[in-house]
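What follows draws every value from the coordinates through simple rules; no lab data is involved. Owing to the predicted nature of the structure, the values given are computational and were not obtained by experimental measurement. Glycine gets a Cβ as well: all are built from the backbone with ideal geometry, and neighbour counts include every protein chain shown.
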Protein chains: 2
Amino acid sequence: MRRALQAITSNLAASTGQLYRRRLPSVPRTDTLPERLLIHRYFFFSAERSPPITISTINPKVLSCDSAVHGEIVTRAKRLQQILLTKPSDLPFSEVLALCDHPELLDKGEVHGLFSLDSITRAKSIMKSIPGRTVGGYSDSKGIRSLRAAIAEGIGIRDGFSGNMEDIFLTDGASSGVHMMMRLMITSDRDGILCPIPHDPLYSASIALQGGALVPYYLNESTGWSLDVNELRLRLEAAFAAGIHVRALVVSNPGNPTGQVLADQNQREIIEFCRDEHLLLLADEVYQENIYTNKKYFTSFRKIARSMGYGEDDFNLVSFHSVSKGYYGECGMRGGYMEVTGLDSRVKQQLYKMASVNLCSNVTGQILMSLVMNPPRVGDGSYAHFTEERDNILSSLDQGSKMCVDAFKKMKGVTCNEVEGGLYLFPSIKLPNAALTAARSNGMEADTFYCRKLLDTTGIVTLPGSGFGQVPGTWHFRMTILPSQQKMAEILSRIADFHMKFMNEYRN
Amino acid sequence: MRRALQAITSNLAASTGQLYRRRLPSVPRTDTLPERLLIHRYFFFSAERSPPITISTINPKVLSCDSAVHGEIVTRAKRLQQILLTKPSDLPFSEVLALCDHPELLDKGEVHGLFSLDSITRAKSIMKSIPGRTVGGYSDSKGIRSLRAAIAEGIGIRDGFSGNMEDIFLTDGASSGVHMMMRLMITSDRDGILCPIPHDPLYSASIALQGGALVPYYLNESTGWSLDVNELRLRLEAAFAAGIHVRALVVSNPGNPTGQVLADQNQREIIEFCRDEHLLLLADEVYQENIYTNKKYFTSFRKIARSMGYGEDDFNLVSFHSVSKGYYGECGMRGGYMEVTGLDSRVKQQLYKMASVNLCSNVTGQILMSLVMNPPRVGDGSYAHFTEERDNILSSLDQGSKMCVDAFKKMKGVTCNEVEGGLYLFPSIKLPNAALTAARSNGMEADTFYCRKLLDTTGIVTLPGSGFGQVPGTWHFRMTILPSQQKMAEILSRIADFHMKFMNEYRN
C-alpha cells in the first residue's frame, strides 16, 4: 500500500501545475517561398552562422500544443510529498514484478521466506509463458501473447462477453494508445474529434500535435456533469457546417476531471449516436476501478454494445486502460492497453505497423497490466488480504472525495458536484470582478491567478480549469482526492482559509 | 548472462522478417472537395452505414511508412529460440531492478542470502534518491533527477568532459527520442533529413510518419562502409536544388546495419560540415559498447566536438543511447536517453513539453539506463565478476562476427566487410539474372526473394537489404552476430549449403 499511495502522491504532483498557454507569434514559413528567395535565405543563414534549429523554425504543431507540463511543477509539488502514508504495500503486484525482473530468485529456496506463494506461482507461470523466459527481450509489438490472452480473459470476466487477445494492443500507459489513434485518423485541420469540455488535456495536446480540430461538446455541470446526446448532435452538425469531418467521439467514463459515472441508458444512446453518425468511439475507461457510489457502477462500452446485440465487428470502439489509476496507481511503470474492436482488419494491420515503429511497450508494464486485469481471485491464498488492501484504498479515496465536496460546498461562491468515480473533482468558483481585473493585469486567466495564489500561500497545488476547458465566463480548478483523510482535513482547512481571505481581498 | 543472451535472441527476432512494402493506391481525399460535395458524401455515408475508419480514410503518412514489422515475424523467428544460452545472468543490473521494484525486500534480513551487497547498496541509494521512494509514481517528464545526474556523471567519465543532467531526456528506448526530434523538425515534405544508405529503418519510418523528406547519402561499401564528407556535400546541394531544406544529419556510429566504426578525423570533418551547413547532428550511438577491433575505438561526437574546442552551446548535437544493445541487451525494458546540446533553451523547452504529453518514460527503464552508464567500478565487490561476464559476452560477439565474415567470404558471389562494431553485418550478394527474374515473377525484390527462400529452407531469419537502402542493382541482407559460437557454426553451415543450392538453381 505504501507503493500505491506513494504513487498516488506523485500522481497528485503530476496532475497539477501551470499550463503552457503562451502561443508564440507565428513566423512566416519559408517552405512556400520561391526558390530564388530560398537561395537568398540559405546564404544569408550561412553567413550568419545561425543555429540549425530555432524556436521559429520548429514544427508549429509542437508550438500550438497546450500541455499540462507536470515536469515543470514537480519541484513545487514536492512540498506535498509529506502526504505519503508509510504503511508498506501488501498488494502482491510488486512481488510478482520483482520476481520477473530477476527470475533467478525463483530457483532459490530462500525466496519462500520473502515472497508469498501466490506471487511465486504467478511469476513462474508468467515467465514460462514469455518467449525466451526473460523480460529483457523485445516482445511482439502488440505485447506478449500470453499477457494479451490474460487481459482478454480478464475483460471476459468483467463483461460476461469473452474477449479476444487479437484486439489487445499493450501500450506504454494509456497515452501512447491515444496518440496512435489520433495519428491514425488525423490528416489535416479538417479532421475533427468530438471531445468533452472539460477534458483530460492529453486529448487536446494529442489532437494539436497531429494538427487536427478539437470539436468541443459541453458536459452539463448543473446536472452532475451529465452527457447529453442532443448536445453531441448539435456540435457535430455545427462542425459539419464548418467543413470539419468528425472522425471520432471521446468519452471519459468515469470522467476526468469531472468525476461522473455514466448510466447504462446514457451509454446506449452514445453507442447509437456513434453508429448513426459513423464515429469511432474512443472510450477512456482508465478509472474503471474508481467508483464511489452505490447508485451507479462502471459498465464498459464494450459490454453495453454487446448487450445491445452488436457483435465484435458491428461497432467501432477503442477502449483505453492503464496501470496508473485504480487502487494500484503504478504510473511510473507505464503500462496500458487499448482494445480495438470493429475496425477493418487492414486498419488494424496499420495500427500494428505503427506499434512496430516503436518496437514494443516495456515488458514490466505489460506484466503489471496483465496482473491488474487478473487480480487474486477467490481461492488464492492472498485473496482475503488483497481485497482488504484494495477496499481500504478505495474507501479512503471515497472518504477523501466526500470530505472535499462537503468542504467546497461550505465555501462562499464555490459549488461542487458529487464525485461518483475517478480521482478528481472540479469545483466551480464564482470569482469577484476585482479578482478578474487583478488576473488580467497580471496577464493570467482568472482561475490560473486563483490557483497560483493558492499555491504561493498554502503550498497546495491545483490545476486551473482553463487547461481542461470550461463554459466561457465560468472558473474551476481540478483537485485530486488522493491524500489520506488526515492530510485531506489539513489541506481543506488551508484552502478554506485561503479562499475566505481571497474573496475578502477581492470582494466587489 | 542468460538474460542478456535471451534478450539478444529476441533482438535477433526483432531484427528480421519481411518488410512492409505494399503501398496502397492513393484515394482522393475529400478534405479539399467543395462543401456541396462534402454534404453529398456525408449523406451517402449515412445511408450506407460505412464504417467510420477505413483503410482509405486513415492518415496517408501512416500508409506510406515502411517499417520492419518485427511483430509479424516473431512466430517464424521463434524457431531460432533454441540459440539461447542457459547460463544464469551474473550481471548485477537485474538484481538492482528487482530490489527497486519491491523495495520492501531491502528491509529484510534474508535479502543478503539472495542478492549481492553491491546490488543492495545501489538499490538503497537509488530508492533514496527517487521522490516518493517508489518506481510507481510518474517522474519528471525528462526522467528522475538523480538518475539523470548519474547518467551525466557517466558521460563525463566516458568523455573526460563533464556532462550536464539538464541535457538528458530519459526515453522509452532510443526510438522515442528519434520520433520526438523528427516531430520537432519536420513540418512538411520540404523538410529533409540526411540519412545514410543503408540505415536503420527506424529513421525512414519516423521521417515518413512525420511526412518529411529522407535525403539519402551513400556509405562506401568498397572502403569498409566509410562515410565521405564530399558525398554529404553533394547530396545536400542536390536536395537544396530540389527545394528541400535539410535540417539534420543522421550518423550511426558504430553503424547499423553496416558495422563500421568512425575514425576521429572523420568525426571532426562531420562536425565541421554540420557547423558550416547549419545542420543538427543526430548521433545514433546506441552501439557504443559494441567494439570488436583493436584498431579503432568508440569516441562520442560530443567528446570530439569538445576536443575541437567547441563549448556546450557551440555545436548542435543530439546523441541517442539505449539499454537494448551493448553487452546488456535489455530491449524489453525500453530504457534510453537522448543528450541534447547546443539547442536554444526555448527549443529545449518545447522538447520538454513534448515529453510531458507522454508524462514520462518507464521508471524501471530509467533506472536501468543509469546503471548501464554507471557499471560496477574498480573497488566494487562485484567488479571483477562483472567485467569477466561483460568481456565474455563481448568476446563471444566478436568471435561470432569473425566467423560470419570468414564464412561469407568463402561463399560464391558474396562479399562482406569486417565488423568493427555494432551487432550486425550486411553482406552483399551478387544474384544471377535467373534469380532476379524469378523474384520479379513472384512480385518481390530480389533480396527479399533470397531471404524468404533462406527462411523457408533453413528456418534462419535475415532481413533483406532493400529495407535498409542500398545502391540500386546491388543486393544485401542483414544478419546479427548474436548467436553463440556453437549455434553460429550451425547457422553458417546451413546458410552456405542453402547458398550453394540457390546459386546452382538460378545460375545464368
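Here is how the numbers come out for the structure above:
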{"read-out": "Extension gain (nm, one decimal) between A:Asn164 and A:Thr223, 0.36 nm per residue minus Cα-Cα", "value": "17.6 nm"}
{"read-out": "Inter-copy spacing of A:Arg507 label points, which lie 7 Å from Cα along Cα→Cβ, given in nm from shortest upward", "value": "10.4"}
{"read-out": "Trypsin sites (Lys or Arg not before Pro) within the stretch B:458-508: DSSP coil, no more than 15 neighbouring Cβ in 10 Å", "value": "B:Arg507"}
{"read-out": "Euclidean distance of C-alpha centroids, the stretch A:271-342 and the stretch A:189-230, integer Å", "value": "17"}
{"read-out": "Principal axis box of the stretch A:303-350, alpha-carbon based, largest edge first, Å", "value": "35, 29, 8"}
{"read-out": "7 Å along Cα→Cβ, label-point gaps from B:Asp107 to other copies, nm, shortest first", "value": "3.1"}
{"read-out": "Residues of type lysines that A:Lys108 reaches as a straight line, Cα spacing below 17 Å, ignoring anything fewer than 8 places off in the same chain", "value": "A:Lys124, A:Lys128, B:Lys87, B:Lys108"}
{"read-out": "Loop sites in the stretch B:256-346: trypsin sites (Lys or Arg not before Pro), DSSP, at most 16 other Cβ within 10 Å", "value": "B:Lys295, B:Lys296"}
{"read-out": "Loop-resident sites, the stretch B:132-208, for trypsin sites (Lys or Arg not before Pro), counting at most 10 other Cβ within 10 Å (DSSP)", "value": "none"}
{"read-out": "The stretch B:130-372: Lys pairs at Cα distance under 22 angstrom, eight or more positions apart or on different chains", "value": "8"}
{"read-out": "Partner chain coverage, peptide A:341-349 - average Cβ within 10 angstrom", "value": "4"}
{"read-out": "Lysine pair count for the stretch B:404-508 [Cα-Cα under 18 Å; pairs on different chains or 8 or more apart]", "value": "10"}
{"read-out": "Karplus-derived 3J(HN,Hα), 6.51/-1.76/1.60, for each residue of the stretch B:446-459, Hz, glycine and proline x", "value": "4, 6, 5, 4, 4, 5, 5, 5, 4, 4, 5, 7, 10, x"}
{"read-out": "Length-normalised contact order of the stretch A:96-183 in % [C-alpha pairs under 8 Å, at least 6 apart]", "value": "21"}
{"read-out": "Sequence-separation-based contact order of the stretch B:130-372, relative, with Cα cut under 8 Å and 6+ spacing, percent", "value": "26"}
{"read-out": "Amide hydrogen neighbours beyond the local backbone of B:Glu289, cut-off 5 Å, H modeled", "value": "B:Gly326"}
{"read-out": "Label spacing, shortest first and in nm, from A:Ile157 to its equivalents in the remaining copies (7 angstrom along Cα→Cβ)", "value": "4.5"}
